[in-house]
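Scroll down for the structure; my scribbles are underneath it.
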Amino acid sequence: MDQLLGAQQKLLPEMTALLQKRYRLLMTIQLSAGIGRRALGQIVQATERETRRESDILRAQGLIHVLANGMEITQEGNDVLHTLKVLVHELSGLGEMERQLEQTFKLAQVIIVPGDSEIESYAKSLIGQEAAKQLELLSQDQDTVAVTGGSTIAAITDHLSVHNKPKNLVFVAARGGIGENVELQANHIASAFALQASGTSRTLYLPDHLSEKAYKTMIKEPVIKEMMDLYDNTNIVIHGIGDAKEMARRRNSSQQELDTISQMQAVGEAFGYYFNEQGKAVHRIRTVGIQLKQLKQARHLLAVAGGASKASAILSYLKHAPRQTVLITDEGAAKNITQLMSN
């Protein structure tokens, strides 16, 4: 395939860009049923005239329907997306970046979806779609699955389903509440996953950030000990990776703690641990949630994060990520990560 692609790009270099553009348009319509031309153009960053011209071509080819409430993909359009997925992936250079990251950090797998989830909403949906596929592939009957919070993890929910028969998965909140939107907290997401996948859930209704006195008191409680036992026996962990300063802000951290994070030059955060550019944990908060040692014992880890601005945070985490990690990210983050690696 590499030789074929190389020959095609030399003979018809403009075809590659056009194919990628129309593929992205069709994919966006698939993920945003009922979308109008103006909204579509804003998402793919195309002019209204260009969007109209390209959507007319897609309609003429029978790949989309243009209805009163917007555009929808046809079955033939779905088939075309499925057929071209691998080709477009390679043309975009995403396959090469996946292999580079897998080899550099010795990860189980890297999956990069098109787009940048910070500016293109479909990219976050694609990350959720790929994470749901991985959970279906990797999970076994009665597995315990620990999940963290955040909008990217929440995006997985709509793509979970019971394909053959329920696997009786137990979804566990991997951390307490973090003071943000309730729908983005680990407790809510664990419950939503369980509902969507016909599993069960266990929640952790505690603040994510505890004082030393509160921490020492809470870890003695039977319900907390029970949760810690669940963490010890977790089979799969689905977690996000946060920007250090943003996560500290969400936790309403004290000025002293903010100063510490800044002085220690932390750039990334996961599970209450803050990491510097070298991947070293330079600060940790007291939290009743899954710990790094329990993380390393899990059979599979799905690290789910995207967006160009998250590149430094993701890179800092990858430098110490366990080998059973599957990274699912987007093009925006991946390009910045590879650029940072080359500096």
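The values are calculated or read from the model by the stated rules, or taken from the named source; none is laboratory data. What you see is a predicted model; the values in this text were computed from it and never measured. As a convention, Cβ positions derive from the backbone with ideal geometry for all residues, glycine included, and neighbour counts pool all protein chains shown. Ligands, DNA and RNA are excluded from the accessible area calculation, which covers all protein heavy atoms including side chains. Shrake-Rupley method; radii C 1.70, N 1.55, O 1.52, S 1.80 Å.
Rounded, prolate or oblate: which fits the stretch 93-166 when a ≥ b ≥ c are the square roots of the eigenvalues of the alpha-carbon gyration tensor, with rounded for a/c under 1.5 and prolate only if a/b beats b/c? Judged from the Cα gyration tensor, the stretch 93-166 comes out oblate (a/c at least 1.5, b/c at or above a/b).
Across the chain, the mean sequence separation of Cα contacts (distance under 8 Å, 6 or more residues apart), normalised by length, yields a relative contact order of 17 percent. Compared with the dominant Cα axis of the chain, that is its longest principal axis, helix 13-31 is turned about 60°. Thr325 sits among other residues whose Cβ lies under 14 Å from its own Cβ, and their net charge, with Lys and Arg +1 and Asp and Glu -1, is +3.
Beta-bridge orientation, the chain: approximately 35 percent antiparallel, per DSSP, counting only bridges with both partners inside.
Taking other residues whose beta carbon is less than 13 angstrom from the beta carbon of Leu81, and scoring Lys, Arg as +1 and Asp, Glu as -1, yields +1. Distance from the C-alpha centroid of the stretch 252-282 to that of the stretch 12-35: 40 Å, rounded to the whole angstrom.
On a per residue basis, the stretch 1-89 carries 62 Å² of accessible surface, using protein heavy atoms and a 1.4 Å probe. With 21 Å as the limit on Cα-Cα distance, the pairs of Lys21/Lys335; Lys85/Lys319; Lys85/Lys133; Lys293/Lys319; Lys167/Lys319 that go past it are Lys85/Lys319; Lys167/Lys319. Of the listed values [x] 0.95; [y] 0.97; [z] 1.00, grab the one calculated as Rg/Rh (Cα atoms, Kirkwood Rh) from the structure here. Only one option fits the structure, namely [z]. Placing Ser92, Ser198 in order of accessible area, with the largest value first and a 1.4 Å probe, yields Ser198, Ser92.
Each Lys or Arg adds one and each Asp or Glu takes one away; over the other residues whose Cβ falls under 15 Å from the Cβ of Ser191, this sums to 0. Taking trypsin sites (Lys or Arg not before Pro) as exposed when DSSP calls them loop and at most 10 other C-beta atoms lie within 10 angstrom, the chain has its longest site-free stretch at 1-219. Helical runs assigned H by DSSP (4 residues or longer) give the chain a calculated mean residue ellipticity at 222 nm of -15000 deg cm²/dmol, each run adding -39500 (n - 2.57) before division by the residue total.
Under the rule a/c < 1.5 gives rounded, and otherwise a/b versus b/c splits prolate from oblate, where does the stretch 254-343 land using the Cα gyration tensor? Note, shape of the stretch 254-343 comes out oblate. Computed over protein heavy atoms with a 1.4 Å probe, the carbon and sulfur contribution to the accessible area of the stretch 7-161 reaches 51%. Between the helical axis of 222-232 and the longest alpha-carbon principal axis of the chain there is an angle of about 50 degrees.
Report, in degrees rounded to the nearest 10, the 0 to 90 angle that the Cα long axis of helix 331-342 makes with the longest principal axis of the chain. It works out to around 70 degrees.
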